[in-house]
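Taking it in order: structure first as structure tokens, then the write-up.
The values are calculated or read from the model by the stated rules, or taken from the named source; none is laboratory data. Since this is a predicted model, take the numbers as computed values, not measurements. Note: ideal-geometry Cβ built from the backbone for every residue, glycine included; neighbour counts use all protein chains shown. Surface accessibility is based on the protein's heavy atoms, side chains included, excluding ligands, DNA and RNA. Shrake-Rupley method; radii C 1.70, N 1.55, O 1.52, S 1.80 Å.
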Amino acid sequence: MKKVFTATLFLCLAQAVFAQAGPLTQAEYVKMLYSLQANPSRKDEIIDSLRRRGIDFVLTDGLRGLTRSKSANDDEVKLALESADRRRLNPEAARLPSAKESATLIESTRTNTLDAVGEMPDFVVKQQIQRSAAYAGTNRFRNLDRLVVAVSYRSSGEESYRVLSVNGLLENAPEAKRSYESVGGTSSTGEFVTVLATIFKPESETKFEAVETDVLRTRKALVYEFMVEKDRAKQFITAVGYSSDSTITGIRGRLWIDRDNARVLKIESEATDIPETFPIRTAKRIIDYEWVKIVDGTYLLPSISDVRLTLRDKSKVFETRNLIRFKEYQKFGSEVKILDDDDVPEPEAPIKPS
């Protein structure tokens, strides 16, 4: 699996669309789970059915256990099932607003997001990055390494990355200047404002559709599916170590928008239009945002990011995962320090609403 871990993701994305009618019965859902075990590629279809159709059965601990077993403990499947159960229990709260209200919320979020991008301060932040890999579709990830990276962000949009430690070994001068990409393996950038700016800037001509309601960290949210065409998004994915080639893709995904303050709480995103001959087959990312204080201001910034690539190597397809935790946002120029718990591997917990 050595070649697998030589890819760089700059921006990426969410789910396939399979329109369905009528809530899923328990028999249908269980049948889907067993088919998923035999054919992991059906995962997106199951998630979409749960999201679009919902369920008409009581969600028991037994069904939760069956879901964990047959989905290889897949976080996205489990969260989609729990969300479907919330809508079943409270259909009134799950009712979508009018098309006019949905469009108004998008426009308010566009304004707030682009204003926030323009007002973002210079800052530094520490990333704790746990990297792992598995055969695609198995969800049986094996830990590869753990990085601590200092990130400097300029209000101009410039991001610089400096590796501080690898598997607990400090990077001493002059090696302390090593970039993220220089250590090899899967890396990602653009989590702070680039993804949001790409989605909401008018020239992207992003298509939005309100699809469901949700509650995320006690905040009432409206969930939108979005799509940005390839010639508008111009997202870059680079495969280093294969042909050291890059490709430009489109993006699609889902946004969780706070209905009270019109700000993005979460993004699921996926690259689209990846050429068939390109070694990276899928590029997906989930970003959760939370309010953080930097000096005298409060800003909505990433708290955790889950980046996954599937890569083809001859007849086999592998999946890499970078679980990134953003810690200790500080004013630009502050020293990013290594703490004792920075290099302790953590369980790869799913991104969950609190």
Inset, instruction - Give, in nm to one decimal, the length gained when the segment between N261 and R140 is fully stretched (0.36 nm per residue of separation minus the Cα-Cα distance). - result: 39.7 nm
Inset, instruction - Using Cα positions and a limit of under 17 Å, work out the lysines in reach of K316, with same-chain residues fewer than 8 apart set aside. - result: K2, K3
Legend entry - From phi via Karplus (6.51, -1.76, 1.60), per-residue ³J(HN,Hα) for region 65-77 in Hz, x at Gly/Pro: x, 5, 4, 4, 5, 7, 9, 6, 6, 6, 5, 5, 5
Legend entry - Accessible area expressed per residue, region 47-127, with surrounding protein chains retained (probe 1.4 Å, Å²): 45 Å²
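Using 0.36 nm per residue of separation minus the Cα-Cα distance, give me the extension gain between D313 and R88 in nm, one decimal.
Contour length minus Cα-Cα distance gives 76.7 nm.
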Inset, instruction - Report the one residue of I106, S83, V163 whose Cα lies farthest in the direction of the positive end of the charge dipole of region 57-189 (charges on C-beta: Lys and Arg +1, Asp and Glu -1; origin at the Cα centre). - result: S83
Inset, instruction - Lys and Arg at +1, Asp and Glu at -1: add these up for the other residues within a Cβ distance under 12 Å of R259 and post the number. - result: -1
Inset, instruction - May I ask you to rank K207, K70 by accessible area, largest first, using a 1.4 Å probe over the protein chains only? - result: K207, K70
Legend entry - Pairs from K126/K337; K31/K78; K220/K284; K43/K284; K230/K314; K78/K230 whose Cα-Cα separation, in the structure shown, is over 20 Å: K220/K284; K230/K314; K78/K230
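Give me the percent of accessible area attributable to carbon and sulfur for region 50-164, probe 1.4 angstrom.
Values: 2490 of 5220 Å².
Of the solvent-accessible surface of region 50-164, carbon and sulfur hold 48 percent.
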Legend entry - Cα centroid separation, region 101-163 to region 277-291 (Å): 11 Å
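Can you tell me how much longer the chain between D61 and K220 gets when fully stretched, taken as 0.36 nm per residue apart minus their C-alpha distance, in nm with one decimal?
Details: separation 159, 0.36 × 159 = 57.24 nm, distance 2.57 nm.
Here the segment from D61 to K220 would lengthen by 54.7 nm.
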Inset, instruction - Would you work out what percent of the accessible area of region 256-320, with all protein chains in place, is carbon or sulfur (probe 1.4 Å)? - result: 46 percent
Legend entry - Amide H partners (placed H, <5 Å) of T282, local residues excluded: T310
